[in-house]
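Please read the structure below before turning to the comments.
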Amino acid sequence: GADVALGGHGAPLAPILHRALFTGEIPRAFLNLGGIANLTGLPPEGSDHAVTAFDTGPGNMLLDLAISLLTQGAETFDKDGAHARQGRPDPGLLDWLLSDPFFSLAPPKSTGREEWGEERLRRILSRKEDLRMASGASSSPSPPERIDDLLATL
């Protein structure tokens, strides 16, 4: 649409709302943690700088997909972060996730389900298992530990 024609990435609604409601004398930043996380940067009122808006990467999408898959649909999201709070982040898996080229791209940038959906989750689970085997772990963690640690990492 018009946003893309003007150099945007096709999701201008949140930045438009932020600008309409929150422009003021000081710069402001807003982080939206939806399925895909995105950031809006507002310059001070009267500034020559443009509003900055871009996707920062996966938000809740991978968390929701993971818990749904690993509980076979019994849970569809991590209510109040209960699982993630019980888990321990996996440093090796986190390093691997953060090495994704998307995180090195300069804004503006956009992403979506096509890049961070079920196929990506399956690759993440496979990589987690590869790292576990490489560490010499003799047995697979129990399902609650597996869910908690994965959600703490994602």
Requested in this report: Quick one: count up the residues across segment 16-28 that are at pLDDT 90 or above and either crowded, with 19+ Cβ neighbours inside 10 Å or β-branched (Val, Ile, Thr) (or both).
Outcome: 1
Requested in this report: Scan segment 103-122 residue by residue and report those that are over 15 Å from the mean Cα position of the chain (by Cα) and modelled with pLDDT under 95.
Outcome: 107, 108
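Of everything in segment 90-102, what is under 15 Å from the mean Cα position of the chain (by Cα) and either within 20 Å of residue 134 (Cα to Cα) or hydroxyl-bearing (Ser, Thr, Tyr) (or both)? Give them in sequence order.
The answer is 93, 94, 95, 96, 97, 98, 99.
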**Report entry** residue 18 being touching a residue at least 24 places away in the same chain (Cβ under 8 Å) and of a type outside the set (A, V, I, L, M)
**Finding:** yes
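Just to verify a result, which residue in segment 29-75, among those that are of a type in the set (Asp, Glu) and touching a residue at least 12 places away in the same chain (Cβ under 8 Å), is nearest to residue 125 (Cα to Cα)? Walk me through how you get there before you give the answer.
Filtering segment 29-75 for residues of a type in the set (Asp, Glu) gives 45, 48, 55, 64, 75.
Now narrow it down to the ones that are touching a residue at least 12 places away in the same chain (Cβ under 8 Å): 45, 55, 64.
Details: 45: 46, 55: 24, 64: 14 Å.
Taking the candidates together, the pick is 64.
Which one is farthest from residue 107 (Cα to Cα), of the residues in segment 29-63 that are under 21 Å from the mean Cα position of the chain (by Cα) and surrounded by fewer than 16 Cβ atoms within 10 Å (Cβ to Cβ)? Lay out the reasoning, then the answer.
Applying the first criterion (under 21 Å from the mean Cα position of the chain (by Cα)) to segment 29-63 yields 29-41, 52-63.
Subsequent filtering for residues that are surrounded by fewer than 16 Cβ atoms within 10 Å (Cβ to Cβ) retains 29, 31, 33-34, 52, 60.
Numbers: 29: 14, 31: 14, 33: 17, 34: 18, 52: 8, 60: 21 Å.
Out of the qualifying residues, it is 60.
Among 131, 70, 125, which is among the aliphatic types (A, V, I, L, M) and either under 29 Å from residue 15 (Cα atoms) or touching an Asp or Glu at 6+ places or on another chain (Cβ under 9 Å) (or both)? Break it down stepwise before answering.
Numbers: 70 fails: either under 29 Å from residue 15 (Cα atoms) or touching an Asp or Glu at 6+ places or on another chain (Cβ under 9 Å) (or both); 125 fails: either under 29 Å from residue 15 (Cα atoms) or touching an Asp or Glu at 6+ places or on another chain (Cβ under 9 Å) (or both).
Answer to the check: 131.
The values are calculated or read from the model by the stated rules, or taken from the named source; none is laboratory data. Small disclaimer: the values here were computed from a predicted structure and weren't measured. Note that we place each Cβ from the backbone using ideal geometry, even for glycine, and neighbour counts take in every protein chain shown.
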